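Each value in this text was obtained by applying a stated rule to the coordinates, not by laboratory testing. Fair warning: this is a prediction, and the values are worked out from it, not measured in the lab. Here the Cβ positions follow ideal geometry from the backbone for every residue, glycine too, while neighbour counts run over all protein chains shown.
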Amino acid sequence: MPATSLFDTATLRGQLGAVVRLSIPAVLAQLSSTAMQYIDATMVGSLGANASAAIGLVASTTWLLGGLCSAAATGFSVQVAHRIGAGDDARARAVVRQAAVFSLWFGLLLAALGVAISAPLPVWLGGAADIRPDAAAYFFIYACALPALLVQQMFGMILQCSGDMRTPSVLNVLMCVLDVIFNAFLIFPGFSLGPVRLPGAGMGVAGAALGTALAQAVVALLMLWTVLFRAPRLRHVGGSWRPDAACLRTAARIAIPAAVERVTLSAAQIAATRIVSPLGTIAVAANSLAVTAESLCYMPGYGISAAATTLVGQSLGAGHKGRARRFAWLSTALGMAVMGLTAVLMYAGAPWLFRILTPDATVRALGVQVLRIEAFAEPLFAASIVAAGALRGAGDTLVPSVLNLVSMWGVRITLAAVLAPRFGLPGVWFAMCFELCVRGVLFLVRLLRGRWLQKARL
């Protein structure tokens, strides 16, 4: 859909239609990413609880590095939304050039950091000795693939913020398909395809990481090619590729608060991992798989959040503050409704989900219990996810970062540390549920006050 069409509707009904039209492909893209997690979890889960626990042990750290990639992408993609909203396509293309150069150098830096810590990381996280080798191997491969992940996220978000939700959605579905194919050959020593028996590499946990990395690399190249040569308003990127101080400063202003938030939130996730690890391998595996299962519920919220970022960003770029406010509230309401429905489905379908994810009956029983606790928080979790996307479209990243940090450290980690010794993993997930409700209320208050409308600066 051409970006200019986002502003062709002046009615509330038309604006809701714009939210839905942009949200659907974004939600599909997020669901395909979730499907990849399910694929990895299911294939690795078939290897046993130790394999699932190995991935779960380093999950919080992979989330940290992935979050840094996402924060960096936000710094550039929001600028693209503002420039396209203002009709300044030439400046939007200049931002794309800066994003390409930055992705190369920052991706290599993150990869070097990840490789350096891959061996000692499972020890630092308190993992049992029997899962440390697999955890280290998985994280090493993940770290090597970080440049591809950054390019995929950077240029996928740039396409979304230009108004093209369809292409990232299609490419993410392709990534899911490739992940299935690569994983099948890399994880297992062999597998059957109908009557045909095919050989495999038998790499186990490391094969899951490598399969995902290869799928990401293919899609990253396709995302980059689409932006540079196919996107109607972004191609023809000829011009200076030298660092642009103004563009980089704006990117830093938007991205650094989000990056700091990711670092501190990931530190909180690592702290939560340290709280869960002493509960045993069964608890670690159930926790990891429950996190994966829950993503089916909240990923639609992230898709609607991406639509909110685009709609709010382009509205403010075009000088329509009232329309930006309405898009923010319509998107948030839609997200709460959708995630409320998915929460009901998740609660009812939890046993079925865990039968898919693991053959271990003990892990399944504990996972179902904690997943059902989390279901009650999903509507307010949606409020925080989508409202954060709307605020991000305005370039408002500092205050939301502070709200996330206060909520995570002041509520979740504190409460989990108190409840875990007495109630085990259910206590940890109750703390998570309560904290997400608190976070949702905080973001609704931020959205209501309206100060974020003054944050957009071209």
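Observations on the structure shown:
- Taking 0.36 nm per residue of separation and subtracting the current Cα-Cα distance, fully stretching the chain between Trp124 and Arg13 would add 34.7 nm.
- Here's the picture: a label point sits 7 Å out from the Cα of Gln454 along the beta-carbon direction, and within the stretch 399-423 the residues with their amide nitrogen under 19 Å of it are 399-403.
- Peptide packing for 148-161, 247-260 was compared via the average number of neighbouring C-beta atoms within 10 Å per residue; ordered from the highest value, the list is 148-161, 247-260.
- Highest mean first, the peptides 331-337, 219-225, 346-352 sorted by other C-beta atoms within 10 Å per residue fall in the order 331-337, 219-225, 346-352.
- Each other residue within a Cβ distance under 15 Å of Leu425 adds +1 if Lys or Arg and -1 if Asp or Glu, for a net charge of +2.
- log₁₀ of I(q)/I(0) at q = 0.11, 0.13 Å⁻¹ - the chain, Debye sum with one point per alpha carbon: -0.84, -1.19
- Simple label model, 7 Å out from Cα along Cβ direction - Arg274 to Ser46, nm: 3.7
- Note on the chain: helix-only mean residue ellipticity at 222 nm, from DSSP H runs of 4+ residues weighted -39500 (n - 2.57) and normalised by residue number, equals -27500 deg cm²/dmol.
- Under the span-like rule (Cα at least 30 Å along the axis, Kyte-Doolittle mean at least -1.0), DSSP H helices of the chain: 12-45, 49-85, 89-117, 166-187, 205-229, 245-276, 281-317, 321-357, 425-449
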